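Engineer: Questions regarding the structure given below will be posed in turn.
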Amino acid sequence: MEVLVVHLLLMEQCKSSGHFVCTVMAKHFTKTNFHGIMPQMFCSLSLLLGFPEYKNRDFYVAGESYAGHYVPQLAHTILFHNKKANKTIINLKGIIIGNALINDETDTQGMFDYLETHAIASDRDVYQIQKYCNFSSSASTPSLECIAAREAALKDISSIDIYNIYAPLCSSSNLTAQPKKTSIFRFDPCSEYYVHAYMNRPDVQEALHANVTRLTHDWEPCSDVIQKWVDSPSTIIPHLQELMANGLRVWIFSGDIDGRVPVTSTKYSINKMKLPIKTAWHPWFLTKDQVGGYTQVYEGDLTFATVREAGHQVPSYQPARAFSLIKHFLEGKPLPDISRHN
C-alpha cells in the first residue's frame, strides 16, 4: 500500500477570516499592513529551524481562494530572505493555489462570463457588463449602466450557493446535541454552521490558543469586521512570474463548479502571462475510466488543472481527486493521462 507522508504547518492570514489578529486591524480596521505581516509569517515559519530534522526538507506553500494572494506573497518573502542571507533558510520548492484570486480585472470578468455560460446570468446582462464595465485597477467610477447590469447579474445568484453552483442549500441551520454522521463522499451544505459553532466554543479557542485578546465579535469564515481594504494588490501575477523565474514549481487548480472564482477567471489570469504551452490541454484521470479533470502545462513549470465536480474548496467536494492532485504536485509528476492506463 502506497503511503504519502506530509507534515503540515497550518497558518492564517488576517484578511477577513480566521482567528489571527494584528494590531493594525484591531486599531483601525483598514488594512493588514502587508509589509509587517509577511515578515511575521516568515519568522513563524523560521520556527522550523528549531526542529533540525525538518531543516532541509522540501517546503511547499498551499492554499485556496484569497491564498491566491498570500501564498505567492509568502513564497516571495521566503525567496527574499533566502537571498538576503545568501543561504537556504527554508528549502522552498513550489506553491499550489486553488480557485485563487490572482488578478482583479480577469477574476471579475471571468466570474460574469462563467455565470452567463452556465445559464445563471442572462446573456443581455453580461453583454451590458462587457460593454459598460471596466474592471481594470485604473478604472474610474463605474457608469450607471455598469452598476445596473452588475446588480441584475448578481441578483440571479442570490438563491444559489455561488461556491458550488449545483449544490443544494442548507435547509436547516439547527445544531444537534450529538454529531451527525459524516461522509467524505457527500458534502453537507450545512457544514459552515457546524464549523461556526465549533470555532466559537471557548474550549476550542483555548485549545487553539486563539482569541487571546477576547474579541467582541465571533469567528467567521468571511468576516465583515474589516470595512475598508486598502493594501491588497490588484494583481499577484508579478510574484508568480518571479517564482517561475527562480525555478519553483507553480500549480494552479480550479474546481469547475465554483462560481465565485471560477475556472474562466483562472484561465483569463494565466493568459495574461502569455506563457508558451509545453503540454497541450488534455484530461487527467483518477482511475482508468474516471476523468479527474483537465490540465495544461506551460513553459516555466506552471501547471493548470481543473477538478471535475468540485466547488470553491476542492477537497470538501472531491477528496479523492484532490488527493491525487496534491500527490502528483508533491512528487513533481504530471497528472496521469489516459496513456498510463492503456
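The values are calculated or read from the model by the stated rules, or taken from the named source; none is laboratory data. Just so it is clear, the structure is predicted and the values come from calculations on it, not from any experiment. Neighbour counts are summed over all protein chains in view; Cβ atoms, including those assigned to glycine, are modelled from backbone coordinates with ideal geometry.
Engineer: Quick check, is Leu169 over 23 Å from Ser234 (Cβ atoms), of a type in the set (A, V, I, L, M) and over 25 Å from the mean Cα position of the chain (by Cα)?
Structural biologist: It is false that Leu169 is over 23 Å from Ser234 (Cβ atoms), of a type in the set (A, V, I, L, M) and over 25 Å from the mean Cα position of the chain (by Cα).
Engineer: Could you check how many residues of region 288-301 are more than 18 Å from Val314 (Cβ to Cβ) and either of a type in the set (A, V, I, L, M) or not in a loop (DSSP other than H, G, I, E, B) (or both)?
Structural biologist: 2
Engineer: Filter region 191-246 for residues that are more than 23 Å from the chain's Cα centre (by Cα) and closer than 18 Å to Gln178 by Cα and give the result.
Structural biologist: Ala197, Asn200, Arg201, Asp203, Val204
Engineer: A further question on this structure: Could you list, in sequence order, all residues of region 304-339 that are touching a helix residue (DSSP H, G or I) at 6+ places or on another chain (Cβ under 8 Å), within 26 Å of Ile237 (Cβ to Cβ) and not in a helix (DSSP H, G or I)?
Structural biologist: Those that are touching a helix residue (DSSP H, G or I) at 6+ places or on another chain (Cβ under 8 Å), within 26 Å of Ile237 (Cβ to Cβ) and not in a helix (DSSP H, G or I): Phe304, Ala305, Thr306, Val307, Ala310, Gly311, Pro334, Leu335.
Engineer: Looking at region 127-156 only, could you name the residues that are under 27 Å from the mean Cα position of the chain (by Cα) and part of a loop (DSSP other than H, G, I, E, B)?
Structural biologist: Cys133, Asn134, Phe135, Ser136, Ser137, Ser138, Ala139, Asp156
Engineer: Might you let me know whether region 275-285 holds any residue that is of a type in the set (Gly, Ala, Ser) and more than 17 Å from Ile96 (Cβ to Cβ)?
Structural biologist: Yes.
Engineer: If you go through region 201-240, how many residues are out of contact with any Cys (no Cβ under 9 Å at 6 or more places or on another chain), touching a residue at least 40 places away in the same chain (Cβ under 8 Å) and either under 30 Å from Leu79 (Cα atoms) or not hydroxyl-bearing (Ser, Thr, Tyr) (or both)?
Structural biologist: 24
Engineer: Tell me whether region 104-117 contains one or more residues that are in contact with a helix residue (DSSP H, G or I) (Cβ under 8 Å, 6 or more places away or on another chain), at pLDDT 95 or above and surrounded by fewer than 17 Cβ atoms within 10 Å (Cβ to Cβ).
Structural biologist: yes
Engineer: If you don't mind, another one. For region 258-270, does any single residue satisfy the condition of being touching a residue at least 40 places away in the same chain (Cβ under 8 Å), among the aromatic types (Phe, Trp, Tyr) and more than 30 Å from Gly332 (Cα to Cα)?
Structural biologist: Taking every residue of region 258-270 in turn, none turns out to be touching a residue at least 40 places away in the same chain (Cβ under 8 Å), among the aromatic types (Phe, Trp, Tyr) and more than 30 Å from Gly332 (Cα to Cα).
Engineer: When you look at Ala119, is it free of Cβ contacts under 8 Å to residues at least 60 places away in the same chain and not in a loop (DSSP other than H, G, I, E, B), yes or no?
Structural biologist: no
Engineer: Hey, Pro168 hits all of (1) in contact with a helix residue (DSSP H, G or I) (Cβ under 8 Å, 6 or more places away or on another chain); (2) under 28 Å from Ile257 (Cα atoms); (3) not acidic (Asp, Glu) but one; which does it fall short on?
Structural biologist: (1)
Engineer: Which ones in region 164-184 are under 27 Å from Met111 (Cα atoms) and of a type outside the set (Val, Ile, Thr)?
Structural biologist: Answer for region 164-184, where residues must be under 27 Å from Met111 (Cα atoms) and of a type outside the set (Val, Ile, Thr): Asn164, Tyr166, Ala167, Pro168, Leu169, Cys170, Ser171.
Engineer: Looking for something loosely packed, with under 14 Cβ neighbours inside 10 Å, in contact with a helix residue (DSSP H, G or I) (Cβ under 9 Å, 6 or more places away or on another chain) and in the same structural domain as Asn99 (by TED's automatic domain parsing) - is there at least one such residue anywhere in region 249-268?
Structural biologist: Checked region 249-268: no residue is loosely packed, with under 14 Cβ neighbours inside 10 Å, in contact with a helix residue (DSSP H, G or I) (Cβ under 9 Å, 6 or more places away or on another chain) and in the same structural domain as Asn99 (by TED's automatic domain parsing).
Engineer: Still on this structure, I have one more. With respect to Gln290, is the statement that it is surrounded by fewer than 19 Cβ atoms within 10 Å (Cβ to Cβ), within 19 Å of the chain's Cα centre (by Cα) and farther than 23 Å from Thr117 by Cα true?
Structural biologist: The answer is no for Gln290.
Engineer: While we're here: For residues that are crowded, with 18+ Cβ neighbours inside 10 Å and touching a Lys or Arg at 6+ places or on another chain (Cβ under 6 Å), scanning just region 299-328, find the one that is farthest from Gly98 (Cα to Cα).
Structural biologist: Val307
Engineer: Now for a different question. Given the conditions (1) under 27 Å from Lys267 (Cβ atoms); (2) assigned by TED's automatic domain parsing to the domain that holds Ile257; (3) not polar (S, T, N, Q), report the number of the one that Lys87 does not fulfil.
Structural biologist: With respect to (1) under 27 Å from Lys267 (Cβ atoms); (2) assigned by TED's automatic domain parsing to the domain that holds Ile257; (3) not polar (S, T, N, Q), Lys87 is out only on (1).
Engineer: Before we move on, is Asp188 free of Cβ contacts under 8 Å to residues at least 40 places away in the same chain, surrounded by 13 or more Cβ atoms within 10 Å (Cβ to Cβ) and either under 20 Å from the mean Cα position of the chain (by Cα) or not assigned by TED's automatic domain parsing to the domain that holds Lys272 (or both)?
Structural biologist: Yes, satisfied.
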